[in-house]
1. How high is the FRET efficiency from A:Ser16 to A:Lys186, r the C-beta distance, R0 30 Å, rounded to 0.05?
2. Where in segment B:541-567 does the label zone of B:Gln380 land, with the point 7 angstrom along Cα→C-beta and an amide N cut-off under 11 Å?
3. Just tell me which lysines come within less than 16 Å, Cα to Cα, of B:Lys643; anything on the same chain fewer than 8 places away is out.
4. Dipole magnitude of chain A about its Cα centre, charges +1 at Lys/Arg Cβ and -1 at Asp/Glu Cβ only, in debye to the nearest 20?
5. Rounded to the nearest 5, what % of DSSP beta bridges with both residues in segment B:117-356 are antiparallel?
6. Place a point 7 Å from Cα of A:Leu102 in the direction of its Cβ. Which residues in segment A:19-57 have their backbone N less than 12 Å from it?
7. Going out from 0 in 10 Å bins, what whole percent of all Cα-Cα distances in segment A:208-303 drops into each bin?
8. Under Stokes-Einstein, with the Kirkwood radius over Cα pairs standing in for Rh, what whole-number D in µm²/s applies to chain B at 25 °C and 0.890 mPa s?
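Where a number appears in this text, it was derived from the coordinates with a stated rule and is not lab data. Fair warning: this is a prediction, and the values are worked out from it, not measured in the lab. In this analysis, Cβ positions are derived from the backbone assuming ideal geometry, glycine residues included, and neighbour counts consider all displayed protein chains.
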Protein chains: 2
Amino acid sequence: MADISDRDPLVLFMPSGKRGRFPVGTPVLDAARQLGVYVESVCGGRATCGRCQVSVQEGNFAKHGITSSNNHLSPVGPKEERYDRVRGLAEGRRLSCSVQILGDLVIDVPQDTVINAQVVRKAVDERVFERNPAVRMCYVEVEEPDMEKPLGDLDRLKAALAADWHFENVEVDFHLIPKVQSILRKGEWKVTAAIHKDADGDRPRLIALYPGLKNEAYGIACDIGSTTIAMHLSSLLSGRTIASAGTSNPQIRFGEDLMSRVSYVMMNPDGREAMTIAVREALNTLIDRVCADGEISRSDILDSVFVGNPIMHHLFLGIDPTELGGAPFALAVSEAVQVRSSDIGLPMNEGTRTYILPCIAGHVGADAAAATLSEGPHRQDEMMLMVDIGTNAEIVLGNAARVVAASSPTGPAFEGAEISSGQRAAPGAIERIRIDPVTLEPRFRVIGVEPWSDEPGFAEASAATGVTGICGSGIIEVIGEMFLAGLISEDGVVDGSLAERSPRVLADGRTFSYLVHEGSPRILVTQNDVRAIQLAKAALYAGVKLLMDKQGVEHVDRIGLAGAFGTFIDPKYALILGLVPDCDLAKVKAVGNAAGTGARMCLLNRDYRREIEETVKRIDKIETALEPKFQEHFVAAMALPNKVDGFPNLEAVVKLPERKAGADAATEGGRRRRRTRD
Amino acid sequence: MADISDRDPLVLFMPSGKRGRFPVGTPVLDAARQLGVYVESVCGGRATCGRCQVSVQEGNFAKHGITSSNNHLSPVGPKEERYDRVRGLAEGRRLSCSVQILGDLVIDVPQDTVINAQVVRKAVDERVFERNPAVRMCYVEVEEPDMEKPLGDLDRLKAALAADWHFENVEVDFHLIPKVQSILRKGEWKVTAAIHKDADGDRPRLIALYPGLKNEAYGIACDIGSTTIAMHLSSLLSGRTIASAGTSNPQIRFGEDLMSRVSYVMMNPDGREAMTIAVREALNTLIDRVCADGEISRSDILDSVFVGNPIMHHLFLGIDPTELGGAPFALAVSEAVQVRSSDIGLPMNEGTRTYILPCIAGHVGADAAAATLSEGPHRQDEMMLMVDIGTNAEIVLGNAARVVAASSPTGPAFEGAEISSGQRAAPGAIERIRIDPVTLEPRFRVIGVEPWSDEPGFAEASAATGVTGICGSGIIEVIGEMFLAGLISEDGVVDGSLAERSPRVLADGRTFSYLVHEGSPRILVTQNDVRAIQLAKAALYAGVKLLMDKQGVEHVDRIGLAGAFGTFIDPKYALILGLVPDCDLAKVKAVGNAAGTGARMCLLNRDYRREIEETVKRIDKIETALEPKFQEHFVAAMALPNKVDGFPNLEAVVKLPERKAGADAATEGGRRRRRTRD
């Protein structure tokens, strides 16, 4: 490289903000590469793939000391002109491989370049990530064989990859060895090589080879949940999500929750294999669906990323999960795993690899790692709490200085199990509810029905679905509202004395219930229902508190509620019930399928793989079962919202009832449960 | 490491001759490691595997300035005593892991340590190589799982491999991932890991895992010849050859010689696959045989090395060899190939790899590379010629400064094809012959028959086999003897005038034949037979001369004759015929199956893989078809022994006939053939 002086043009790349000075005449693509700015390119600077498009921001950027202008780029040359004529180039777009720097520039690298791309059917997630996929498409022109230099065809291909793409010492997938000669001849010595290189130190690996220019490549990212499986198909070149699909996890027929599946393996000699086959079959069906939807072939999928909780992770990989069923909850493998997809029964392209994120601990899986990557507590100064609530709650708390993680055995109450009128979130389920504190009358909203129950037209609108039960988010709200209306005490006791005031308070043996809806079925909230929610939320809160103790903090700055449950609950009610600690309500957010987002990040940028691997190594794992203070936190958290912790942020928005006397909840809470590990 | 002074003990390791000073108290094994002396060890210094045995040479080694004594080793400690009691330690042997340096030492590292080893059935080759196999057996004790440190079982195993064996960042073969937990528990956290690491820069790879101490590992080395396949089973730990087996190449049913097999592929859509299946089936049968002979299981084979000529190499790997059938004779792959053995249909251990040596050029294969490695022209100052004679002769010429290689299309005459009485080397074939120059009467020896034909008892002894033909080495001798006896001229013309002197010279149309044996069949050497041998030897000699031209040399210092043909011909007759250039007869040697030896070297020491890869890169390949001087050399070489080149070394031992007039051979030699490439 020539010596650079202050007189050389200053070039700033957006959105990365990377900048540097380059001699006049430097191709923009080279400048980007030198600064480590990722700009896709398949054709290797031949102006045929169109992947390296950039645009120039015009104007005076005083902050950067740059006056940027399209005139500071070399004019359109014959190669660019030809591309524009044949393929079309949008207004203002230039091919960075073919255009040179003449003066100061602010250059936009579009993160969603769509070149010859599929129609985007579903916009799953609007987030756009900087890309650096593990698989690169590399067009090369290979020297023809020559008797004087008897190097093999494959070896001349490797020489071209080293010369044009700086991929030295390429390893070759065996399945390609018998095919190389015919592909080279079919492409008349012009081929596109798919090179897989995950980590910087890895040897690059030739995983697929195409005659001519192959200007597209795809990948899938998938979150294997115990209940549902979600898969996204993305272009590795544009980053766009091309198709998405979901299905319920067929392992449900072996056991509703995780521990019943582990039991199934322990009881049945072929149980592990049957569940591995079941999940892989479901995944293959999803792959077929996203391929059909995206109008591509399975063999066009060149990379894949999977996440899941530890038991899903093990069953997916064909590992017996029995060890995860009891202390010390030993994972077979905790670090990230990279395998050939065909080895795990997911044939795509023969050379496709599958990357599986690391697990954090025996109950905190690759899904929690992916959610951490997505929400990035380790990237921010604020102390962030992230909870993913399932049968086990996975809890991560931290900031850039330190991240701690734990799981807490909440049991299935939040999913509607153990609740007398509980049900899955489906049409007919009550999902929203308000109780008038004076009349104690409820009004509610049912999934699939537009009007509230006290609005005109409700009866007609709900005729089709009926009112069939209460889903998870509805249960949180109804107990929160009962507490606000004085129907239950701080200690969770349904106040029987109110039976005099309202026909909805009904005696039920020695305890009382609240009638939400008189119909078929009759929908009640019983004392046992309240207790089940108290036990679940106390377990969650106690886990969070242990992590706060480890961090030495009294409050958290930000809360992310992950997963389906997190998406639908109203953060206000989560605080009223004391599921999570007090926090500025504006900073309590549902983060959706953060695990799926983290998987997509790892698919589109291999640097995220290193980021989460390093982060997981640094995360301190807390085993709640071993912590002496768990019991104390659990007992305090049985109260609504909490026996000892204040909720000032909540009280600024919601008037909480005066504290009443009562102690039974606290003693009952002493019944320590570890449901998922029995 | 502590500072070393001249006062510290001086330790010399034999046979490597590596030496260094070490502080008193340094374990001998550590000293060896620091000097790069390979001493096997499986148990990692626990004195249980017994692999690291050494002995001390007693005495004053003035040349090295060392007075060495067993007293300069620490006394037998409890660990060594226990090993001796339980397993037995030969007189004078010590466990280098458990014994410390107290003073100056000359230490012998036995290269053939036999520890708990199989009985050696066949001593194939007495050569002993320094060992450094690509697969190491590593015993480790793994930390048990701990809730406080939720690292996976596999990850703790990896940590142990890094701590005890310095194998960092181990990759894990996928098939092991589901098995790790049960193996660790079965071994009570003590396991032996088989680590495959080929090149220094490669990531080490866990390919097999055993509960407890696994104190043995095997490998196979195999030369796939177009006619025969030879396989050896060796202990990777002791280096000993445990068993050997050979079989004929079943591809023979698709075509006797290489080019007819290529033609078969070109003519038959399934031809390539059928031949790949055939050779792999034969290899699997051989693997079963060496395993049965060595009393081991296929899964105990953890590494394998294969060599073969380019067409065998391609068919073995499942590559269509059609491109090798015509100019520019493009190899699909020339560099060394490393694959999973199961990927090429050779299931051994699931983790076993197969290494295939590089090919030198389109007609100079991995077998020639292996022979080069074995004979080492590139390691010596003398100019060495190595020829492997088959349908194509592979020729390598060089020394430490430069090595050149070529192939020459000799055709099948040397194998007895195209010769009227030619046959394979089998009982009944004439293999030795002498002709009395006065009487012109022959005496010969037949394979499987002890007496010569003129000795008492020959008729009885040969009754069973009969006298059925002449094998390759017999043909060389009979033509050489005919030349010495004056039966044929320098130009290869059978002298018809001698019919007056001997009833054995018979008219045959316009030419004459020599009757070797009157019987059934009648064994003659015809004028056509002589011509066929002349054409073949002229092609070989012309190829050698081209290489000598490239090297700028007039003579060679040493000649190695490889392969079965090379083993049986008498070097003297090779010179009389002018197959190879003049050379000190004492330095013309049969080198046996040098290709198989090279394969075994690569099996037992991965450094040899690098050596031959680097050497092959540096070898200059000569394409004889492109060399203008080939024709001139060929014509001169049609004469016996040569029209222009002198054979002073030969003439010092053998009186060659006076040169006679005659020119027809030279003109006939103008018929340039490239039999194997038509």
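1. That pair, A:Ser16 with A:Lys186, gives E of 0.20.
2. Output list for this probe position: B:557-561.
3. The reachable lysines, counting only those whose Cα sits under 16 Å from B:Lys643, are B:Lys537, B:Lys545, B:Lys629, B:Lys660.
4. Here chain A has a charge dipole of around 460 debye.
5. Looking only at bridges with both residues in segment B:117-356, the antiparallel portion is about 70 percent.
6. A:25, by backbone N distance to the label point.
7. Taking all Cα pairs of segment A:208-303, the binned fractions are 16, 39, 24, 16, 5, 0 percent.
8. 88 µm²/s
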